1. With the requirement that a residue be in contact with a Phe, Trp or Tyr (Cβ under 8 Å, 6 or more places away or on another chain) and farther than 12 Å from GLN123 by Cβ, what does the range 54-75 give you?
2. Which of the strands (runs of 3 or more DSSP E) contained wholly in the range 59-178 include at least 1 residues that are closer than 24 Å to LYS24 by Cβ, in contact with a Ser or Thr (Cβ under 8 Å, 6 or more places away or on another chain) and modelled with pLDDT of 95 or more?
3. Filter the range 1-31 down to the residues that are modelled with pLDDT of 65 or more and more than 15 Å from ALA113 (Cα to Cα) and list them by number.
4. For the range 46-70, which positions are out of contact with any Gly (no Cβ under 9 Å at 6 or more places or on another chain) and β-branched (Val, Ile, Thr)?
5. Go through the range 42-78 and count every residue that is surrounded by 17 or more Cβ atoms within 10 Å (Cβ to Cβ), out of contact with any helix residue (DSSP H, G or I) (no Cβ under 7 Å at 6 or more places or on another chain) and not aliphatic (A, V, I, L, M).
6. Out of curiosity, is SER50 free of Cβ contacts under 8 Å to residues at least 60 places away in the same chain and either farther than 22 Å from LEU132 by Cα or in contact with a Cys (Cβ under 8 Å, 6 or more places away or on another chain) (or both)?
7. Yes or no: the range 71-81 includes at least one residue that is closer than 17 Å to PHE105 by Cα and not β-branched (Val, Ile, Thr).
8. How do the pairs read when you match residues in the range 56-67 that are without any contact (Cβ under 8 Å) to a residue 24 or more places away in the chain with residues anywhere that are in a strand (DSSP E or B) and loosely packed, with under 14 Cβ neighbours inside 10 Å, using Cβ under 8 Å and keeping only pairs 6 or more apart or on different chains?
Amino acid sequence: MKRVAAISAAIVALAVAAPAWAAKTFVLDNVTLQGGGTLTGTFTTDDALSSLIGIDITASAGAYGPGVFSVFNYNNAALADWVSLPTQGFRIQTAGAAQQLRLDFNPLTLTGANILNTSSEYQRLGGPRAVLTGRVMLQESGPISAVPEPATWAMMIIGFGAVGSMVRTSRRNAFSAA
């Protein structure tokens with residue numbers, strides 16, 4: 001009966017244990033805008049690269065055509081009004097559409113992606129300016145934590161239980177033989 005209870009507990013532990021998923025942070029690399037401007041910073045997606053979690057991208061000041069652009073920081077992922085990751089891209093738009101950043105990829109992968117020339121930054125006083133070059137790359141993460149995932153803990157506990165059960169059984173068999 002105890003063995004059945006132990007096996008049942010192990011099955012429940014494995015079913016409940018979920019692997020830990022990590023968000024993916026991408027860094028803008030050599031992203032240039034018309035008129036000599038640049039985009040620098042990062043954005044973060046979920047592990048599946050399907051939703052935008054965070055953004056911290058700065059558009060530089062500059063002039064293009066008759067427009068004058070000021071430095072602007074896009075740092076609120078909640079302002080994303082269009083997200084089609086990983087296949088297309090995303091758009092951040094401030095209230096009243098005073099500033100807008102659209103980044104298009106084809107597609108975003110775990111190694112990164114080229115930023116397509118359909119990407120742009122818009123400021124009400126400056127107008128639109130297209131992205132000319134650049135790419136995004138997966139940011140290298142720091143050292144990996146030594147804390148095991150829940151599924152690993154469950155497997156270790158099951159293993160220790162199995163070894164303990166085998167030792168107990170072999171002791172009983174040894175006593176019975178004597």
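The values are calculated or read from the model by the stated rules, or taken from the named source; none is laboratory data. Quick caveat: nothing in here was measured; it's all calculated off a predicted structure. In this analysis, Cβ positions are derived from the backbone assuming ideal geometry, glycine residues included, and neighbour counts consider all displayed protein chains.
1. GLY54, ILE55, ASP56, ILE57, THR58, listed by residue number.
2. Because the criterion is at least 1 residues that are closer than 24 Å to LYS24 by Cβ, in contact with a Ser or Thr (Cβ under 8 Å, 6 or more places away or on another chain) and modelled with pLDDT of 95 or more, the strands (runs of 3 or more DSSP E) in the range 59-178 that meet it are 72-74, 80-84, 89-93, 99-104, 127-138.
3. Those that are modelled with pLDDT of 65 or more and more than 15 Å from ALA113 (Cα to Cα): TRP21, ALA22, ALA23.
4. The one that is out of contact with any Gly (no Cβ under 9 Å at 6 or more places or on another chain) and β-branched (Val, Ile, Thr): ILE53.
5. Looking only at that region, the number is 7.
6. It is true that SER50 is free of Cβ contacts under 8 Å to residues at least 60 places away in the same chain and either farther than 22 Å from LEU132 by Cα or in contact with a Cys (Cβ under 8 Å, 6 or more places away or on another chain) (or both).
7. Yes, the range 71-81 has at least one match.
8. ASP56/ASN73; THR58/ASN73
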